[in-house]
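Comments concern the structure below.
The values are calculated or read from the model by the stated rules, or taken from the named source; none is laboratory data. From a predicted model like this one, the values you see are computed outputs, not experimental measurements. For neighbour counting, all protein chains shown are included, and Cβ atoms are generated from backbone atoms with ideal geometry for every residue, glycine included. Heads up: the accessible areas ignore ligands, DNA and RNA and are worked out on the full protein's heavy atoms, side chains in. Shrake-Rupley method; radii C 1.70, N 1.55, O 1.52, S 1.80 Å.
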Amino acid sequence: MKRISLFAAMALMALSAGAQQVTGIVKGGSGKTIYLYDDRDNNPDDSVKIVNDQFTFKVKHGKEPAVYALILQDVPYPMLFVTGDAPIHITTAKETYPIATSVKGNDNTQAMQDYQKAIAPLIKRAQALNAEAKEIKPEDEPAKNAFRKKADAFNDDLVKVGRDFIQGHPHSIASIWLLMNELRGRLEPAEFQLLFNSLDKELKDGVYGQGVQSYLASLKANAINIQADDFSQKDTKGQTVKLSSFRGKYVLVDFWASWCGPCRQENPNVVKAYHKYKNKNFTILGVSLDDNRDRWLRAIDQDNLEWTQVSDLQGWGNEVAVQYGVQSIPTNFLVDPAGKIIARNLRGAELEQKLEEVLK
């Protein structure tokens with residue numbers, strides 16, 4: 001399940017050098033509140049009531065362009081814009097938000113709007129797939145197999161849209177935003193690197209480009225046959241658990257969440273593998289991206305997840321998920337007794353096949 005993210009996983013804000021005016025028209029939006037966010041955290045910088053379908057913000061303008069977001073009350077997806085030298089003016093409507101009918105200000109902001117238009121149909125498909133996944137019964141193997149094919153087709157289409165956009169926008173911050181939010185975790189590291197390399201040097205050397213470079217460095221650090229970085233997090237009883245405490249066993253580190261439909265559909269396969277191999281020097285360490293303890297614990301019980309489970313209840317901000325660059329779930333990696341990552345993203349029969357191979 002992919003996050004359509006408001007913020008990239010990099011706290012990258014240039015030093016403030018002044019203020020920029022951002023104005024807009026939201027047709028049919030009078031009386032609604034609109035919130036202004038920067039790219040550093042999930043707390044709003046400012047908010048205003050829309051009056052006569054209009055709003056105005058003063059936005060900090062740093063030495064480098066920075067990504068901001070406007071979130072309209074009762075609409076789950078943000079409208080993104082990028083600071084620049086000229087005032088920004090956006091025209092949209094409540095029914096079509098965050099897609100704008102016109103954008104004035106700078107090329108980076110226009111490219112952000114192009115990006116949002118490109119992925120809007122895919123967001124609707126993702127919503128439909130998540131809803132479909134929740135309705136599939138755990139024992140319905142034909143339905144699960146059919147769903148996996150749909151999910152694979154969705155991923156293929158998203159990658160194609162992303163690849164085409166980046167190739168057509170080599171100068172735009174939107175291309176980096178798309179790389180880090182939509183394609184991260186969906187591309188092999190080599191292709192991800194090639195797409196990043198295709199961008200303009202100035203863009204790659206900027207603060208957002210530096211964030212991508214850090215991510216690429218983390219990919220190399222956690223590649224196959226590389227030592228897994230240690231981590232610690234609290235389990236369901238509040239006890240701290242370290243990955244290194246499982247040294248000497250094969251460990252499947254499984255990232256999931258109670259609210260993730262595809263994760264819950266995959267859990268029966270993981271349970272089956274666990275019971276088949278738990279007495280053969282194998283175990284599982286679940287890392288949940290939940291933010292609600294009760295829902296987390298209830299899902300563990302409902303899905304019969306008997307192995308160790310940890311979480312810091314920070315949702316997508318889960319420290320381990322950030323450490324390992326997790327941008328979509330379910331995600332997993334298999335660690336051998338020496339602490340090396342020997343496989344990633346094992347699903348269904350692939351998981352059992354790999355365990356059969358290494359646990360002979």
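List of remarks:
- Residue match in the stretch 214-229 (condition: closer than 17 Å to Gln327 by Cβ, free of Cβ contacts under 8 Å to residues at least 12 places away in the same chain and either open to solvent by less than 10 Å² (accessible area, probe 1.4 Å) or not polar (S, T, N, Q) (or both)): yes
- Extreme residue, nearest to the chain's Cα centre (by Cα), among residues of the stretch 77-100 that are assigned to a loop (DSSP other than H, G, I, E, B) and hydroxyl-bearing (Ser, Thr, Tyr): Tyr77
- With respect to the conditions (1) open to solvent by less than 30 Å² (accessible area, probe 1.4 Å); (2) more than 26 Å from Pro121 (Cβ to Cβ); (3) assigned to a strand (DSSP E or B), Ser47 falls short on a single one, namely (1).
- Lone qualifier among Lys160, Lys149, Lys94 - being open to solvent by 20 Å² or more (accessible area, probe 1.4 Å), among the basic types (Lys, Arg) and in contact with a strand residue (DSSP E or B) (Cβ under 9 Å, 6 or more places away or on another chain): Lys94
- Just one of (1) in contact with a Phe, Trp or Tyr (Cβ under 9 Å, 6 or more places away or on another chain); (2) crowded, with 17+ Cβ neighbours inside 10 Å; (3) farther than 19 Å from Arg148 by Cα fails for Thr283. It is (2).
- Taking the listed residues Asn197, Asn106, Asn181, the one that is surrounded by 16 or more Cβ atoms within 10 Å (Cβ to Cβ), out of contact with any Gly (no Cβ under 7 Å at 6 or more places or on another chain) and of a type in the set (S, T, N, Q) is Asn181, with no other qualifying.
- You will find that of Glu182, Glu191, the residue that is in a helix (DSSP H, G or I), acidic (Asp, Glu) and in contact (Cβ under 8 Å) with a residue 60 or more places away in the chain is Glu182 and no other.
- Among residues of the stretch 109-120 that are at negative phi, those with a Cβ under 6 angstrom from a residue that is open to solvent by less than 10 Å² (accessible area, probe 1.4 Å) and assigned to a helix (DSSP H, G or I), sequence gap 6+ or separate chain, pair up as Ala111/Ala174; Met112/Ala174; Tyr115/Ala174; Tyr115/Leu178.
- Hits in the stretch 50-76 - residues which are of a type in the set (D, E, K, R) and either closer than 17 Å to Gln116 by Cα or in a loop (DSSP other than H, G, I, E, B) (or both): Asp53, Lys63, Glu64, Asp74
- Residue in the stretch 285-296 that is part of a loop (DSSP other than H, G, I, E, B), in contact (Cβ under 8 Å) with a residue 60 or more places away in the chain, under 26 Å from Glu135 (Cβ atoms) and of a type outside the set (Val, Ile, Thr) present: no
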